[in-house]
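A.B. asks: The structure that follows is given in the form of structure tokens.
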Amino acid sequence: MKNFDRAELTVGDAKVVMYTAGQGEPLLFLHGAGTFHGFEFAEAWVKQYRVILPYHPGWGESPADPDMSEAQDYVMHYVQLLDALQLAQVNLVGFSLGGYLAAKFASQFPERVRKLVLVAPAGMRDDEHPAADVLGLPPEQLLPMLASNFDVVAKHLPKQPDLDFMGDRYREATATARLFWDRPWDPKLPRYLHRAGMPVLLLWGNEDKIIPAAQAGRWQALLPSAKLHTYDGAGHLLLDEQMEAVRAVAAFFA
């Protein structure tokens, strides 16, 4: 994140840490349920866009807000963040958990989203192609499932996990559990998703073992104008594994 500026700000009652870089149209990225792998891929977007990388409250460098206990709280949090940044509209990218939040945001506030990219989004019920139980899997089983090439994951792991690293992972898992403990999908998402009428791009790794690429069919049925790109040799951490997918985001927003 050498090219990014770090900022601390208060959004409503939540204190958040945000990284920004670049100029041009704003590109807001909403991260997934784990942040240990960072955002190195976002460096490629800085040449064309003003890239905004906030940590959700309770993840990464943003402290938890105990009053934020459901997905709708995070949707409204990002409404307030855009207001605080004086941004009427953004290009929005959401990955995994962040894809779910981005989809909810876009369906409720379509006027705030110019174009939408969903990367292996969570939150959709698909009994034929269920998502993995990330809250129930021990780390030694979950980590190898994140990428097709484990080296992509391993380079972000400490050789000897210290208490800070383990504490951060526990805190993020706790925040994720607040949203998905009862069920790993949103039963009301299909009802309102059609309201996201902006251009939509779906990106998926064909070897995704966390949220199978076969779930894309459910998303396309509810977003009939959405374009789908899938990538061989990539798992759940698609943007970390496939630079082609990172470039596809930039091209779609151009």
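A.B. asks: Convert each backbone phi in the range 143-150 into a coupling constant with the Karplus relation 6.51 cos²θ - 1.76 cosθ + 1.60 (shift: θ = phi - 60°), then list the ³J(HN,Hα) values in order as whole Hz, x for Gly and Pro.
C.D. replies: 4, x, 7, 6, 9, 5, 10, 4
A.B. asks: Lys and Arg at +1, Asp and Glu at -1: add these up for the other residues within a Cβ distance under 11 Å of Val153 and post the number.
C.D. replies: Overall, the nearby charge balance is -2.
A.B. asks: Please list, ordered by chain and number, the residues whose modelled amide H lies under 5 Å from the amide H of Val11; skip anything fewer than 5 residues away on the same chain.
C.D. replies: Hits under the 5 Å cutoff: Val16.
A.B. asks: Something else now. Just add up the charged neighbours of Lys188: K/R +1, D/E -1, any other residue whose Cβ is under 14 Å from the Cβ of Lys188.
C.D. replies: Summing Lys and Arg as +1 and Asp and Glu as -1 gives +2.
A.B. asks: Checking the cross-link filter: which aspartates and glutamates have an alpha carbon closer than 13 Å to that of Lys155, excluding same-chain neighbours under 8 positions apart?
C.D. replies: Lys155 reaches Glu40, Asp240, Glu241.
A.B. asks: Can you give me the long-range amide H partners of Val134? Hydrogens built in the peptide plane at 1.01 Å from N, cutoff under 5 Å, separation of 5 or more residues or another chain.
C.D. replies: Close amide H contacts, sequence-distant or interchain: none at all.
A.B. asks: Moving on to the next point. So how far, in whole Å, is the C-alpha centre of the range 91-108 from the one of the range 185-199?
C.D. replies: Using only Cα atoms, the two centres lie 10 Å from each other.
A.B. asks: Here's another thing I want to ask about it. So, by mean Cβ neighbours within 10 angstrom, what's the order for 46-57, 243-254, 221-232 with the highest one leading?
C.D. replies: Averaged packing, sorted descending, gives the order 46-57, 243-254, 221-232.
A.B. asks: Does the range 155-254 classify as rounded, prolate or oblate by the C-alpha gyration tensor (a ≥ b ≥ c root eigenvalues; a/c under 1.5 gives rounded; else a/b over b/c gives prolate, otherwise oblate)?
C.D. replies: Here the range 155-254 falls in the oblate category.
A.B. asks: From a point 7 Å beyond the Cα of Gln89 in the direction of its Cβ, which residues of the range 1-40 have a backbone N at a distance under 15 Å?
C.D. replies: The answer is 25-28.
A.B. asks: Show me, for the range 206-213, the HN-Hα J-couplings you get by feeding each phi into the Karplus relation (A = 6.51, B = -1.76, C = 1.60, θ = phi - 60°), rounded to Hz, glycine and proline as x.
C.D. replies: Couplings: 5, 10, 5, 9, 9, 10, x, 4 Hz.
A.B. asks: About the Cα centre, and with charges only on the beta carbon of Lys, Arg (+1) and Asp, Glu (-1), how big is the dipole of the chain? Nearest 20 debye, please.
C.D. replies: Charge dipole of the chain: 720 debye, to the nearest 20.
A.B. asks: Now a separate question. Using amide H atoms built in the peptide plane, which far-off residues or other-chain residues are under 5 Å from Glu25 H to H?
C.D. replies: HN-HN under 5 Å from Glu25: Arg50.
Every number here is computed from the coordinates shown, using simple stated rules; none is lab data. In this text the structure is predicted, and so the values were computed from the model without any measurement. So basically every Cβ, Gly included, is an ideal-geometry build from the backbone, and we count neighbours across all protein chains shown.
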